[in-house]
Amino acid sequence: MAYGLFFQLLERQSSVYRWRLALSTRIQPFSSQHLEAACRVLADTERGLSGTQIGYLLQDIRVPDADANNTKWKRLFNALAQMQNQHQVGNHLILFINSAMNPVSYARDREAFNWRRDELNVVLAFSGFYVRDYGKVGRADKATTLDVARARVGRLKAALEARAVHEEVVKYCRAELLSENYFHAVFEATKGIAARVRSLSGLNGDGADLVTKAFLGQSPVLAVGPLATESEKSEQKGFANLLIGLFGAVRNPLAHATKIDWPMSEQDALDILTMVSLMHRKLDVTRKINP
């Protein structure tokens, strides 16, 4: 049976017939890495399925839920991996995704549907599958790492342009920085803030020490306004604290963590890069104070 016909028929069947039909057409088993990545998306802590939903969907596709007390993604991974090992097919992951991505379930939460579909497509692309706009899995040419990175670039750039972010931020949306996730793009963008402060001030140093010397104290080197009134001085101090907070909360932890320890979602990246954009706009109007 051709793959196209298989997926068309799969959409029209009841859960029992869907299950039988799914096993009648063999799909190559997914690697453990790809299966885990898909499960991490589907059971994401913030944007994934709830534990109750996972249990219901496993029951719907007749997959035993043998590890129900584990963390969500491990529970789902163990259930699907057990069936994949038992039957030596990857069909059960496809069945689960088709059930989980039913558009009816997202009538009031289209954003969740779009996020799960986009993230699943990044994972599935390496195995030659993708989630269609109406939630069903289809066949596609296998993607390379660069193909997926380019897709990330296009999506992230479009979202950033919709927010009218600063051009200094957009330049970090490059394929080589987005080949695995958004970790490196955000890290480089926050480093770019420090580099710009050094360039404007002529100072050396980094992080909070650099910001303190440039914007705070009795003799700041840079000013974001006239500094003639208490309100203007307060704005200067607030901006400096924002910079220090950005370095402390984002850049410094990223510098000491790996991308595995700190998985960076697209939404997190967008929020942080928007903050970086605000910093650059403030730096655009910053002037150097003559001693």
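The values are calculated or read from the model by the stated rules, or taken from the named source; none is laboratory data. Not measured: the values here are computed from a predicted model. Quick reminder, even Gly has a Cβ in these numbers, built from the backbone with ideal geometry, and neighbours come from all protein chains shown.
Quick notes on this structure:
- For region 258-289, the tally of residues that are modelled with pLDDT under 90 and either surrounded by 13 or more Cβ atoms within 10 Å (Cβ to Cβ) or not assigned by TED's automatic domain parsing to the domain that holds LEU200 (or both) stands at 10.
- Among residues of region 210-244 being touching a Lys or Arg at 6+ places or on another chain (Cβ under 6 Å) and assigned to a loop (DSSP other than H, G, I, E, B), the one that is surrounded by the fewest Cβ atoms within 10 Å (Cβ to Cβ) is LEU227.
- Some residue of region 187-209 being assigned to a helix (DSSP H, G or I), hydrophobic (A, V, I, L, M, F, W, C), under 30 Å from ASN121 (Cβ atoms) and at pLDDT below 95: yes
- Test: residue in region 190-203 that is more than 24 Å from ASP271 (Cβ to Cβ) and of a type in the set (A, V, I, L, M, F, W, C): yes
- Residue count, region 131-170 (criterion: closer than 30 Å to ILE193 by Cβ, surrounded by fewer than 15 Cβ atoms within 10 Å (Cβ to Cβ) and modelled with pLDDT of 80 or more): 5
- The lone exception for LEU178 - which of (1) surrounded by fewer than 21 Cβ atoms within 10 Å (Cβ to Cβ); (2) at pLDDT below 75 it fails: (1)
- Subset of region 76-128 [hydrophobic (A, V, I, L, M, F, W, C), over 22 Å from TYR182 (Cβ atoms) and touching a residue at least 24 places away in the same chain (Cβ under 8 Å)]: LEU76, PHE77, LEU80, ALA81, VAL89, LEU93, ILE94, LEU95, PHE96, ILE97, ALA100, MET101
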